[in-house]
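A short write-up of the structure that comes next.
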Amino acid sequence: MMDTKGTVTRPHGEGRSVPGVKRRGERLIGLLIAGAVLLNFPFLSVFSAYKLIFGFPVLYVYLFSVWGLIIGVKALILRRRPADPAADKTEAKK
Amino acid sequence: MLQNWVILVVSFGYLSLLFAVAYYGDKRADAGRSIISNPYIYTFSIAVYCTGWTFYGSVGRAAATGVGFLPVYLGPTLAAILWWIVLRKIIHLSKANNITSIADFIASRYGKSAVIGGLVTVISIVGIMPYISLQLKAISTSFNVLFNYHPVNAGGPGFIHDTALYIAIVLALFSILFGTRHVDVTERHEGMVTAIAFESIVKLVAFSAVGIFVTFTMFDGPANLFRYAAEAEETAHLMSMDSLSGGYASWLALTFISMTAILFLPRQFQILVVENVNEEHVRTASWLFPLYLLAINLFVLPIALGGLMFFRVGSVDADMFVLTLPLKADEEALALFVFIGGLSAATGMVIVETIALSTMFCNDLLMPVLLRLKLLRQDDMGKLLLVMRRGGILLILLLGYLYFRLIGESYALVSIGLVSFAAAAQFAPAILLGIYWKGASRLGALAGLSGGFIVWTYTLLLPSFARSGWITMSFVEPGPFGISALGPYHLFDLTVFDPITHSVFWSMLVNIGLLVGVSLFSRQEALEQLQAAMFVDVYKKRAVGAGDARLWHGKTQVSDLKGLMARMIGADRAEEAFLSYASTHPIELRDDTLADESLVAFMERELAGTVGATSARVMVSSIIEGEALSIDGLMKILDETSQVIEYSHRLEQKSRELEAATRELKRTNERLKELDRMKDEFVSTVSHELRTPLTSIRAFSEILQDDENMEPQQRQQLLRIVVKETERLTRLVNQVLDFTKIESGAYQWVREKLDLASVMREALAATSQLSQNRNMTITQEAPDIPVMVFGDKDRLVQVVINLLSNAIKYCEPGSGRVHLMLSHNADEAKLKVIDNGPGIEPGERELIFEKFHQFRDSSKDKPQGTGLGLAICKTIIENHRGRIWVESNQWKGSSFIFTIPIMHS
């Protein structure tokens, strides 16, 4: 259903890999699913223990690590690439 | 000692600073050097999400439920993953349609429906009311904590008595100053955004400061703090999921409503969409904003644990730990700083929220009603708009204050805020389905929104009134009229969920169910269909907005339009809008000319930026004579869309055809090259063949010319040779002509039904002279019935003659024998020419059919044929879809055989 907005499929790109244009949308959705799974039952119950690791509660460490990981991967997926349509175009609009 | 006046001076000083920052932002914007046009300011302004709830409430929540404060921040982190896809589309749509608020957005999507806009506004105002009261409560409680903590400050009850009311009034004035200073209300609030971004930095630094102080100064580092906490009975359980009320279902529900809240709370929509300067900024904000959330939450649990261990359980409100901990440690400067941070968090939220809500209140609720009642015929609408907006801000804050007075004391901060989140979640289905599913209809959205809102009111809002004693408590427990199945916290006796999860479950079920169900079973109006197509296919349109021009069918004069614009947005800006239109369109704008459709559509969009899409539509249609919405125009647009799709299909097909044609051309080119090579070869061979007889003719002619005394008998002989060679030459030239004609395809075949036996007889007759000369026996054999084929008679005769004369030529005169045999089966006719000549070597049998391949008799050195006869035969037979080949026979000669398909009658 989701036609991954803004990810304009170019006809001439068929068959070749278009770096970061069409795949970016798919990667983001993949990350969302992974994040939603990791941050819910039953993963949480695995780490729900009265234990300390390196002096921190294990659940606390787990949640913040996954959180940070998601942010990192997100930044990686969204980093600007040479193949991107130039930002100046949108800049020029207003 | 923290004196009251110090607190007040610092507070007002801070608010003034904020105002200066906003002023600076506005000045920069006016100078054309926008300060907010960078992704970092954008990100920090989004952090208006973190309010008094985050600053004070999270710690309280953590003190009660451990990590239970986190879903509210993990949800936005997850939602931000899809910002690049979803948010960018919403921003794109909003910019194209001059959208001013979330109500405007939803109303525009569903056919610019005033009813939907009004409903969304009502849901927003009622739904956000608890959220605003939360901020009032946070500020007033923190005030009271600062004032009352030391006995010295216990006096002065007169002022403190109703802190919240004063705060509400101050905040209202502040918001009015911030958001509605200008007459030109369409402008983005650059100053406000700057101030909000600044506040976000202040609250992050303040919260981190108190976090670091508690963790490192009071407890000697996080390791110690957690070790103590793990040992203490009252804090140890906070480190696992066990303390989370409602369990994992609640965790999931909170994550879900936070995911929707980050986009669809009116103030988030305002900041993320309306105030967005550049879609590219979403790229950075998608990861930087979650990082901000992570940073501001890092110290929540340590502070909560520290507070629980430091104070006797229940002696101090956990919501205020961030203030009471530094106060307890006599760090008054820090406490004051923290208080300013909390003030930042709460004021930021109130400012943006009230501005967003008052815009909606004015554009989507008040204006359409006033327009309907025809109460708006004033000359300067700009001023009236400002008054309405300012009134709206006051009204909204007062509502928040009332709610606070009613229930404020009985709830913790986060519980109040979650009620608002559940309300904002009601917008998610209408928006998300709306921008991806054209079928979502106005009636569906109306049913979904109102259904969800009613369930929310019943399951969350009314019980909160009951708790405050406004409604009898028996309404909640066991339920209205004592029926437990109607109990707002356990509808249909669904008791497994906590109140929030319970409400989210039922309201979402009703909301999505009605939206989808009613949409599937209702018919969309013309304008709805158009808007739906525009919203869903926004990236496919060539130019957004260009489509709705033809919707205006009636007539109006330029002067009327100008008058309307001047009333609404002021004469100067109206003039500007007309000039900008005239500069891009080839049109002369005199007052008495009729305004064309695209001019009207352009002005409607301009107007929408001030009064919202629905009001703009009503206003413009009020000055248009005749039918405002032309069905013909709409059909044309829809038609055009399908035409574009059709066109692209055709293009695809064309390109496939072109590919095929290219392949064909390539093949043809190869063939042409081959033919060219063959032609060269042919020309050189033909020249060679022509030269041989010519040479001998010339040689003999020269002898005849030079030797005048030659005997007549010898002269005769030489002349005979010359004549024979000339005949050979003629034959050769004829055959070359025939061959090239057939080979090049220029030959016109005359096909008819014919009997192959007659062909055979004709050929025999033609060669009878030759055979008699050489004294040879020729026999024939043919079936009784005619052997009918479809072909060119003359050419077929030529083939048989060629084969016969070859046979005659190569046989010994006298003893030579040739036999013709015609036969046929169901499919093909077969003609054999059998001779008793020298026969052909197996290796030669293929080659003799090629051009200029000459059969050389080993005994005679001179070639006897032209080398074209058999090649011509082969071409003719293949043209008749037949085959020709040679094999040896019982007489030790050779048999030339060809077949042609039989013609069935």
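The values are calculated or read from the model by the stated rules, or taken from the named source; none is laboratory data. Predicted, not measured: the structure shown is a model, and the values here were computed from it. Reconstructed Cβ throughout: ideal geometry from the backbone, glycine too, with neighbour counts over all protein chains shown. The protein model used for the area step is the full one, side chains on, heavy atoms only, and it has no ligands, DNA or RNA in it. Shrake-Rupley method; radii C 1.70, N 1.55, O 1.52, S 1.80 Å.
The condition of being surrounded by fewer than 22 Cβ atoms within 10 Å (Cβ to Cβ) and more than 14 Å from chain A (Cβ to nearest Cβ) holds for only one of B:T217, B:T180, B:T194, that being B:T217. Note on the range A:33-46: among residues that are within 18 Å of B:S286 (Cα to Cα) and open to solvent by 30 Å² or more (accessible area, probe 1.4 Å), the one that is farthest from the chain's Cα centre (by Cα) is A:A36. Go through the range A:51-75 and give me each residue that's open to solvent by 50 Å² or more (accessible area, probe 1.4 Å) and either at the interface with chain B (Cβ under 7 Å from one of its Cβ atoms) or at pLDDT below 90 (or both). Residues satisfying the conditions are A:K51, A:L52, A:I53, A:F54, A:F56.
Please tell me if B:K438 is outside any helix (DSSP H, G or I) and of a type in the set (K, R). So B:K438 fits the description; yes. Within the range B:297-332, the residues that satisfy the criterion of being surrounded by 24 or more Cβ atoms within 10 Å (Cβ to Cβ), among the aliphatic types (A, V, I, L, M) and within 14 Å of chain A (Cβ to nearest Cβ) are B:V300, B:L301, B:I303, B:A304, B:L305.
On the stretch given as the range A:19-32, residues that are open to solvent by less than 50 Å² (accessible area, probe 1.4 Å), modelled with pLDDT of 85 or more and over 16 Å from B:L87 (Cα atoms) total 2. The set of residues in the range B:478-494 being in a loop (DSSP other than H, G, I, E, B), more than 21 Å from B:I416 (Cα to Cα) and of a type outside the set (A, V, I, L, M, F, W, C) consists of B:P478, B:G479.
Please work out which residue is modelled with the lowest pLDDT, limiting yourself to the range B:810-851 and to residues that are surrounded by fewer than 17 Cβ atoms within 10 Å (Cβ to Cβ) and farther than 27 Å from B:P901 by Cα. Among them, the one singled out is B:G843. Considered as a group, the residues in the range B:41-69 that are among the aromatic types (F, W, Y) and within 14 Å of chain A (Cβ to nearest Cβ) include one that is nearest to B:I201 (Cα to Cα), and that residue is B:Y42.
For the range B:1-51, a tally of residues being in contact with a His (Cβ under 9 Å, 6 or more places away or on another chain), open to solvent by 20 Å² or more (accessible area, probe 1.4 Å) and farther than 18 Å from B:R188 by Cβ returns 1. Close Cβ contacts (under 6 Å, 6 or more residues apart or on different chains) running from residues in the range B:840-851 that are farther than 19 Å from B:N889 by Cα to residues that are at pLDDT 80 or above comprise B:K851/B:A871.
When B:M710 is tested against (1) part of a helix (DSSP H, G or I); (2) over 30 Å from B:Y539 (Cα atoms), only condition (1) is not met.
Every condition in (1) surrounded by fewer than 24 Cβ atoms within 10 Å (Cβ to Cβ); (2) modelled with pLDDT of 85 or more; (3) under 27 Å from B:S94 (Cβ atoms) is met by B:L386 except one, and the failing one is (2). For the range B:243-285, taking the residues that are more than 38 Å from the chain's Cα centre (by Cα), touching a residue at least 60 places away in the same chain (Cβ under 8 Å) and within 13 Å of chain A (Cβ to nearest Cβ), the one that is most open to solvent (accessible area, probe 1.4 Å) is identified as B:G246.
Counting the residues of the range B:475-490 that are among the small types (G, A, S) and surrounded by 13 or more Cβ atoms within 10 Å (Cβ to Cβ) gives 3.
Flag: B:F207 does not match the condition of being more than 30 Å from B:G392 (Cβ to Cβ), assigned to a helix (DSSP H, G or I) and in contact with a strand residue (DSSP E or B) (Cβ under 7 Å, 6 or more places away or on another chain). Among residues belonging to the range B:211-228 that are touching a Gly at 6+ places or on another chain (Cβ under 8 Å) and touching a residue at least 24 places away in the same chain (Cβ under 8 Å), point out the one that is farthest from B:L336 (Cα to Cα). Once the filter is applied, the top-ranked residue is B:F226. The set of residues from the range B:60-116 being closer than 30 Å to B:K137 by Cα, among the small types (G, A, S) and assigned to a helix (DSSP H, G or I) comprises B:G60, B:A62, B:A63, B:A64, B:G66, B:G68, B:G75, B:A79, B:A80, B:A103.
Let's see how each residue does on (1) within 10 Å of another protein chain (Cβ to nearest Cβ); (2) at negative phi; (3) open to solvent by less than 10 Å² (accessible area, probe 1.4 Å); (4) hydrophobic (A, V, I, L, M, F, W, C):
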residue: B:S200; (1), (2), (3), (4): no, yes, yes, no
residue: B:F213; (1), (2), (3), (4): no, yes, no, yes
residue: B:R227; (1), (2), (3), (4): yes, yes, no, no
residue: B:E231; (1), (2), (3), (4): no, yes, no, no
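The number of residues in the range B:86-98 that are more than 7 Å from every other protein chain (Cβ to nearest Cβ) and among the basic types (K, R) comes to 1. The residue of the range B:70-85 that is farthest from the other protein chains (Cβ to nearest Cβ), among those that are open to solvent by less than 10 Å² (accessible area, probe 1.4 Å) and among the aliphatic types (A, V, I, L, M), is B:V72.
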